[in-house]
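Chemist: Below you'll find the structure I mean.
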Amino acid sequence: MGVKTYSQEIESPVAAGRLFKALCLDNHNVLPKLMPKSFKNIEFVEGTSATVGCVRQFNFPDGFQYKYAKHRIDELDVANFYCKYTTTEGDVLDGKYECVVNETKFSPKGSGCVCKMTTRVHPLPGTKFNEEGPKMGQEKMKKMFKTVEEYLMANPSA
């Protein structure tokens, strides 16, 4: 079975740079603070900051559906608010996926932005593909985006 691609676009009143920083560069600090029921902590396994090649381990709280996921940053263009990362390890891959590649691009629009998120799911050979997992992942990404957006709107200096 081939790679499955999912895309979504979300408009926001928050400037592209602020959302990019919070969701891509500083998410190891922001997400556990804003969403403690979804993120226990995020640790750098390789590297010490959000740079190409770094690997971050997202640890989920006890009782959560999954325990952890490791993300490697493959491409990062800070000037153009673009990040590409690959989920390379963790029970989020459910023994069905080789990896999941995510691309996020924030484009300025007025005083806010448009965020385009593209997910490419690479199933393991011989596995039956289930649409529910990736679709649920897209919904979780949208919820995370909206949570961070609300925080940034309520805290203009953050």
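The values are calculated or read from the model by the stated rules, or taken from the named source; none is laboratory data. Please read all numbers here as calculations on a predicted model, not as lab measurements. Note that each Cβ is placed from the backbone with ideal geometry, even for glycine, and that neighbours are counted across all protein chains shown. These accessible areas exclude ligands, DNA and RNA; they are computed on the full protein's heavy atoms, side chains included. Shrake-Rupley method; radii C 1.70, N 1.55, O 1.52, S 1.80 Å.
Chemist: Restricting attention to the chain, give the cysteines that have no other cysteine Cβ less than 4.7 angstrom from their Cβ.
Modeler: Cysteines of the chain left without a disulfide-compatible partner: C54, C99, C113, C115.
Chemist: Whenever you get a sec, compute what percent of the accessible area on the chain sits on carbon and sulfur atoms (1.4 Å probe).
Modeler: C and S fraction of accessible area: 52 percent.
Chemist: Suppose accessible area is computed on protein heavy atoms with a 1.4 Å probe; arrange S38, S7, S107 from highest to lowest.
Modeler: S7, S107, S38
Chemist: Turning to a different aspect of this structure: Would you list the P(r) distribution for segment 80-128, with all Cα-Cα distances sorted into 10 Å bins from 0 and each bin expressed as a whole %?
Modeler: 25, 38, 22, 13, 2
Chemist: What is the extension gain from D62 to E131, computed as 0.36 nm multiplied by their sequence separation minus the C-alpha to C-alpha distance, in nm to one decimal?
Modeler: Computed gain between D62 and E131 is 22.3 nm.
Chemist: While we're looking at this one, here's another question. Rolling a 1.4 Å sphere over the protein heavy atoms, what is the accessible area per residue of the chain, to the nearest Å²?
Modeler: Averaged over the residues of the chain, the accessible area is 54 Å².
Chemist: Turning to a different aspect of this structure: Please work out the FRET efficiency for the pair K142 and V3, using the Cβ-Cβ distance as r and a Förster radius of 30 Å; give the result to the nearest 0.05. Could you put the intermediate results ahead of the total?
Modeler: On the way: r = 21 Å, r/R0 = 0.71.
After rounding, the FRET efficiency stands at 0.90.
Chemist: Taking every pair of alpha-carbon atoms in the chain, what share in percent sits in each 5 Å bin, from 0 to the bin with the longest distance?
Modeler: All Cα pairs, binned at 5 Å, distribute as 2, 9, 17, 23, 22, 16, 8, 3, 1, 0 percent.
Chemist: Another question, then. Any idea how far the Cα center of segment 93-138 sits from the one of segment 1-18, in Å?
Modeler: 9
Chemist: Could you check how many percent of all C-alpha pairs in segment 1-72 are farther apart than 16 Å?
Modeler: In whole percent, the long-distance tail amounts to 60.
Chemist: How much solvent-accessible surface does E103 expose, in Å² to the nearest 10, with a 1.4 Å probe and all protein chains in place?
Modeler: 40
Chemist: Now for a different question. To the nearest 10 degrees, how steeply does helix 132-154 sit against the main Cα axis of the chain, on a 0 to 90 scale?
Modeler: 20
Chemist: So, taking all protein chains as they sit and a 1.4 Å probe, how much accessible area belongs to Y151, in Å² rounded to tens?
Modeler: Taking all protein chains as shown, Y151 has close to 60 Å².
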